[in-house]
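Remarks on the structure that follows.
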Amino acid sequence: MAEAGSFAEKVKQQADIVRVVGEYVRLKKSGQSFTGLCPFHAEKSPSFAVHPTKQIYHCFGCGVGGDVFKFVMEMEKCAFPEAIRIVAEKCGISIPRPKERSPEERKENQQRSVLVEMHREAQTFYVKQLEGTLEGKAARAYLEDRGMDKDAIARFGIGYAPSGGDALLRSFKSKYSEKLLVESGLVSRDQSGGRLFDRFRRRITFPISNESGKVVAFGARALGDDMPKYLNSPETPIYLKSNVLYHMDRAKEGIRRQEYAILVEGYMDAIAVARAGISNVVASCGTSLAEPQIKLLGRFTRRVIVNYDPDAAGQAATERSLSLLLEQDFEVRVLALPPAGNKKADPDLFIREKGAEEYLKLLKEAPPYVDYLIARARQMDLTTGEGKLRAVNFLLPYVQKIPNGILRSEWATRIAQQLRLDEPVLRAALGKAAKERRSEVKTKPELVGRAAKPVERRLIRMLAEAEGFRKELAQHLQNARLYNGLETEKILAALVIASLSGQPLEATEVASVLEERDRRLLFEIMFEEANEPTWEEAMSCIEALQHRQAERELADVQRSIEANPPGTELRGLLEKKQELMRRLAAAR
Ligand SMILES: [Zn+2]
């Protein structure tokens, strides 16, 4: 995998596997290693372990394991080169530009950086318009009316796109080609394909940043009654809607700290919640959440509170998001805000009317999604059989999406109770839904818990770790072929070869030549808590193996003798037997 001197090797040396894995899995320190719930199989108690010094992970449940690259490849479903890039980025290691890039690739990269630069300039431009123009003054008044003070405006980079229609265009025209201007999405071309004009006019602008904090798009709200009320940047080479969550760049830390994220619909909502001191909030910026956005979120937490608008569109969006989140094994709660006054309240309005504290209180009480869904189902007409069937059919798809079988059947029971389903048919439908789903990865008993003898385990550990005498130990084992016939023969043989090479030993590289069950055993052993190895201990392990070897040989000789061979051969065997018995007696 990581060749000596390669960039991959450099990344591997510098990367911290605990930090990288920690972005996907909640890890707790446990002895010398860290443990958490395995992201590769469904489980309730942690059997997934990461070793900080050996830089490996291993699941004692389903048996997966490897190094930091393997983990990222499995998690992101990507290839090795992509995994190197991801790990390097996460660890702040700068990635060398590959020398031979195709001219197209080079051009695309250049274009992307120009587009990012254009957005940076546009951001500065819009902010200046809000601060220093008459029109901007009106926009500021509007913002103030919505409770947005100077600090908030500055904090969220809010700006203003003037009404003229070519203000930004004029400042860009001399620097960028028409093609680039249109590609940036900041400038549009009119229907006839001729004249260029600013995409955003007479609108308040909200910069949308990617995960690393670079402005890649804008959301813009009409100041007057212009339609649409909200207008966003189109998709561009630097902005794929489904890949970006608004406020993610600033929410990361909060999400990690709070161990959950709040998902809202629009940037105004995200801003309102963040201003209330709740920083772990992101907005999907659009009514439906896309799978890449969930993946992005999943790198920081698996717990989400969905707080969409209470209108019909928001409810539909909530339910769509729920499906997706459940499929990805998220723990989801739903906050449906009560009306503020007589208005249906989105988070922005609610916080303005009722205050941050009230919002936080409701947030803490937000019910699990199933309660939310049951409440929605109960709003249906449950007095008739058909009505109940409709309600069950509304709930079934969600029940089926829960990956965990126990939870699934718990919810089925609960739904039956809550909807007062006495009809056996409906109960059966729920029960069936609860069972039907790919079954969880089950621990394969033949693959775990192989009880290799303690001496073998200890030797494996020493060969992997004892920098000081690994080579000598390997030599001893090699000379007398002491590992022949042992259960751990292949592991020991691979370790001996690696140790004799004189190169620093990499557990994952040794593992790569082993069969799956041997790799698991090797990783299991690597995670055992153990004392510093000493040469004395190594020698006593060698002696133990010599003893076992002599015993095995003795048994062989005995069998041969009993087979009644011709006289000369028998004499040889009897001598051999004597010698072996002397050796065994001496060792006792
Ligand atoms: Zn597992």
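The values are calculated or read from the model by the stated rules, or taken from the named source; none is laboratory data. Note that the structure is a prediction, hence the values are computed from the model and not measured. Here the Cβ positions follow ideal geometry from the backbone for every residue, glycine too, while neighbour counts run over all protein chains shown.
Data overview
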{"read-out": "Selection count, the stretch 276-290, where residues are surrounded by fewer than 23 Cβ atoms within 10 Å (Cβ to Cβ), out of contact with any Asp or Glu (no Cβ under 9 Å at 6 or more places or on another chain) and not β-branched (Val, Ile, Thr)", "value": "3"}
{"read-out": "Tally of residues being part of a strand (DSSP E or B) and surrounded by fewer than 17 Cβ atoms within 10 Å (Cβ to Cβ) across the stretch 234-272", "value": "0"}
{"read-out": "Filtered residues of the stretch 47-57 (kept if more than 15 Å from the ligand (Cβ to nearest atom) and in contact with a strand residue (DSSP E or B) (Cβ under 8 Å, 6 or more places away or on another chain))", "value": "51, 52"}
{"read-out": "Given (1) modelled with pLDDT of 80 or more; (2) surrounded by fewer than 20 Cβ atoms within 10 Å (Cβ to Cβ), index of the condition residue 405 fails", "value": "(1)"}
{"read-out": "From 562, 536, residue being under 21 Å from residue 462 (Cα atoms), out of contact with any helix residue (DSSP H, G or I) (no Cβ under 7 Å at 6 or more places or on another chain) and without any contact (Cβ under 8 Å) to a residue 40 or more places away in the chain", "value": "536"}
{"read-out": "Matching residues in the stretch 26-46 - criterion: being within 10 Å of the ligand (Cβ to nearest atom) and over 13 Å from the mean Cα position of the chain (by Cα)", "value": "41, 42, 43, 46"}
{"read-out": "Top-ranked residue of the stretch 295-318 - restricted to ones that are under 16 Å from residue 268 (Cβ atoms) and outside any loop (DSSP other than H, G, I, E, B), ranked as modelled with the lowest pLDDT", "value": "313"}
{"read-out": "Residue 54 being of a type outside the set (Phe, Trp, Tyr), exposed (fewer than 14 other Cβ atoms within 10 Å of the Cβ) and within 26 Å of residue 25 (Cβ to Cβ)", "value": "no"}
{"read-out": "Answer residue from the stretch 58-73, given it is more than 10 Å from the ligand (Cβ to nearest atom) and under 12 Å from residue 511 (Cβ atoms) and is surrounded by the fewest Cβ atoms within 10 Å (Cβ to Cβ) among those", "value": "70"}
{"read-out": "Filter result (modelled with pLDDT of 85 or more and either of a type in the set (Lys, Arg) or surrounded by fewer than 14 Cβ atoms within 10 Å (Cβ to Cβ) (or both)) within the stretch 497-508", "value": "497, 501"}
{"read-out": "Neighbours by Cβ (under 8 Å, 6+ apart or cross-chain): first from the stretch 58-82, in contact (Cβ under 8 Å) with a residue 60 or more places away in the chain; second within 16 Å of the ligand (Cβ to nearest atom) and basic (Lys, Arg)", "value": "58/520; 63/444; 63/520; 65/519; 65/520"}
{"read-out": "Neighbours by Cβ (under 6 Å, 6+ apart or cross-chain): first from the stretch 206-220, at negative phi; second buried (at least 23 other Cβ atoms within 10 Å of the Cβ) and of a type in the set (D, E, K, R)", "value": "220/203"}
{"read-out": "Qualifying residue in the stretch 186-193 (condition: crowded, with 17+ Cβ neighbours inside 10 Å and either among the acidic types (Asp, Glu) or at pLDDT below 90 (or both))", "value": "no"}
{"read-out": "Test result for residue 325, touching a strand residue (DSSP E or B) at 6+ places or on another chain (Cβ under 8 Å), of a type outside the set (Gly, Ala, Ser) and either surrounded by fewer than 22 Cβ atoms within 10 Å (Cβ to Cβ) or outside any helix (DSSP H, G or I) (or both)", "value": "no"}
{"read-out": "Residue within the stretch 101-110 that is more than 27 Å from residue 214 (Cα to Cα), outside any helix (DSSP H, G or I), away from the ligand (no atom under 16 Å from the Cβ) and over 20 Å from the mean Cα position of the chain (by Cα) present", "value": "no"}
{"read-out": "Test: residue in the stretch 94-117 that is surrounded by 14 or more Cβ atoms within 10 Å (Cβ to Cβ) and of a type in the set (Gly, Ala, Ser)", "value": "no"}
{"read-out": "Candidates 83, 79 - the one that is more than 16 Å from the ligand (Cβ to nearest atom) and either closer than 24 Å to residue 464 by Cα or buried (at least 17 other Cβ atoms within 10 Å of the Cβ) (or both)", "value": "83"}
{"read-out": "Failed criterion for residue 21 (all others in (1) among the aliphatic types (A, V, I, L, M); (2) within 16 Å of the ligand (Cβ to nearest atom); (3) in contact (Cβ under 8 Å) with a residue 60 or more places away in the chain hold)", "value": "(3)"}
{"read-out": "Some residue of the stretch 1-8 being within 16 Å of the ligand (Cβ to nearest atom), closer than 21 Å to residue 513 by Cα, touching a residue at least 40 places away in the same chain (Cβ under 8 Å) and out of contact with any Phe, Trp or Tyr (no Cβ under 7 Å at 6 or more places or on another chain)", "value": "no"}
{"read-out": "So residue 571, is it outside any loop (DSSP other than H, G, I, E, B) and either under 24 Å from residue 475 (Cβ atoms) or touching a strand residue (DSSP E or B) at 6+ places or on another chain (Cβ under 7 Å) (or both)", "value": "no"}
{"read-out": "Matching residues, the stretch 375-388, being in contact with an Asp or Glu (Cβ under 9 Å, 6 or more places away or on another chain) and either part of a loop (DSSP other than H, G, I, E, B) or free of Cβ contacts under 8 Å to residues at least 40 places away in the same chain (or both)", "value": "385, 387, 388"}
{"read-out": "Top-ranked residue in the stretch 408-448 [being at pLDDT below 50, aliphatic (A, V, I, L, M) and not in a helix (DSSP H, G or I); ranked as nearest to the ligand (Cβ to nearest atom)]", "value": "441"}
{"read-out": "Failed criterion for residue 90 (all others in (1) more than 16 Å from the ligand (Cβ to nearest atom); (2) under 20 Å from residue 509 (Cβ atoms); (3) crowded, with 16+ Cβ neighbours inside 10 Å hold)", "value": "(2)"}
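Every residue, every condition in (1) at pLDDT 85 or above; (2) of a type in the set (A, V, I, L, M, F, W, C); (3) outside any helix (DSSP H, G or I); (4) farther than 24 Å from residue 70 by Cα, yes or no:
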| site | (1), (2), (3), (4) |
| --- | --- |
| 458 | yes, no, no, yes |
| 461 | yes, no, no, no |
| 473 | yes, yes, no, yes |
| 477 | yes, yes, no, yes |
| 491 | yes, yes, no, no |
| 495 | yes, yes, no, no |
| 510 | yes, yes, no, no |
| 525 | yes, yes, no, no |
| 529 | no, no, yes, no |
